[in-house]
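See below for the structure under consideration.
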Amino acid sequence: MPQAAAKLDNSALISQDEVRISVERLNLDAASFRQLSGTHDPAGVRQAVLDIVEQRGKMQNPVTGSGGMLIGTVAEVGAASPLGLKVGDRVATLVSLTLTPLAITDGLARWDGRSEQVPCEGHAILFARSIAAVLPDDLSPELALAALDVCGAPALTARVVARYPGASVAVIGAAGKSGSLSLAAARDAGATRIVAVVPHQAEHDLLRAASAAEPPPAAGFPGGGGAGMSGGEALADEVVIADARNPVALAEAIGKPVDVTVVCVDVPGCEHGAILATAQGGTVIFFSMATSFSAAALGAEGLAADVNMLIGNGYVPGHAEYAVDLVRTNFAVRALFEARLAAD
């Protein structure tokens, strides 16, 4: 199991059922990037990533245990590979960098260490049971990478919300990538009350502005958007500001307990608040890599909470296509993603 391994063989040679990718860009997961940025200055972040990959043959933050994903071009395909890829395909890997053999050859010379997206040169190896998606032609690589990085979240959110007719849903960390896609997925799955939880006023204003934005005419929209795009529909019915690490404050901000709570924040300590905000018989979906299993399990016991708790594993059949389609068709989500990419 390569995810559990301390070090992987990251040589460029492939087996008959493997694929070699020429890497163009990494996308570090939010929890890992936050930890690295909180420990180092930007130059130190860059060096830390180089050191991790050099020592481990993969990108697996030793503190958070998480990695991210990448985009690149297929350079070689083994004769027995079942992935259906061909040389020249531009792809995004949909499996974690924590289990992907990776070598960096340019010293990350084009990255300043200040953003989750990392331009680089090198190679990566996909196994027979890896997952990859060919990049869509109508989205920029940066936008596609951002969406595909979190594509498991909206797919699982939609699946769970559909189990509760007229569901009420709260998304914690709602202005982020996985959070905004989860809001859109909840609406798509028939939720009738959606509460977006953000940590401060700036995120509140960003989410409100995106929801209020209208798509420009199709002819003038970069990437061929416009046509068929939904605009003017709020991603959430309520946007509340709360510290998700404060269980009582979070539950009070959400108000009436919801059927489904989706946790998309990248900081620890949000387990009890999510449980407290969820109705008896409801479901909490933990997408954060900062989630503590013991805190969630013991917290639910201590609160006498009869809730289902799911760990988002990043894979649901059709998840890549669904996430990309949400970005294509929901202009509020598109506006949020593009605003974050511009800020980076």
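Brief remarks follow.
- Every helix of 4 or more DSSP H residues in the chain counts as -39500 (n - 2.57), and over all residues that averages to -10000 deg cm²/dmol at 222 nm.
- Environment charge of Asn246, counting only residues whose C-beta is closer than 13 Å and scoring Lys/Arg +1, Asp/Glu -1: -2
- Cα-based helix-to-principal-axis angle, 30-39 vs the chain, degrees rounded to 10: 80 degrees
- Net charge over other residues, Cβ less than 15 angstrom from the Cβ of Tyr164 (K, R count +1; D, E count -1): +2
- Axis of helix 331-343 versus longest Cα principal axis of the chain: the two differ by about 60°, to the nearest ten degrees.
- Proximal charge balance of Ala185 [Cβ under 11 Å; K/R count +1, D/E count -1]: 0
- Within the chain, antiparallel bridges make up roughly 55 percent of the DSSP beta bridges whose residues both belong there.
- Rounded to the nearest 10 degrees, the inclination of helix 177-188 to the longest alpha-carbon principal axis of the chain is 50 degrees.
- For the range 149-343, the relative contact order works out to 26 percent when only alpha carbon pairs closer than 8 Å and six or more residues apart are counted.
- Contact order relative to length of the chain, as percent, for alpha carbon pairs under 8 angstrom and 6 or more apart: 16 percent
- Rounded to 0.05, the FRET efficiency of the Ala295 and Ser15 pair, given R0 = 45 Å and the Cβ-Cβ distance, is 0.65.
- What the phi angles of the range 293-303 give under the Karplus curve with 6.51, -1.76 and 1.60, with θ = phi - 60°, is a coupling list of 4, 5, 5, 5, 5, 6, x, 5, 4, x, 8 Hz, glycine and proline written as x.
- Residue-span extension gain [Thr105 to Glu252] - 0.36 nm each, minus C-alpha spacing: 47.9 nm
- Hits among lysines - C-alpha to C-alpha of Lys86 under 19 Å, sequence gap 8 or more where chains match: none
Taken together, the values in this text are just the output of simple stated rules run on the coordinates, not laboratory data. Here the structure is a predicted model, which means the values were calculated and not measured. Every residue, glycine as well, gets a Cβ built from its backbone with ideal geometry; the counts of neighbours run over all protein chains shown.
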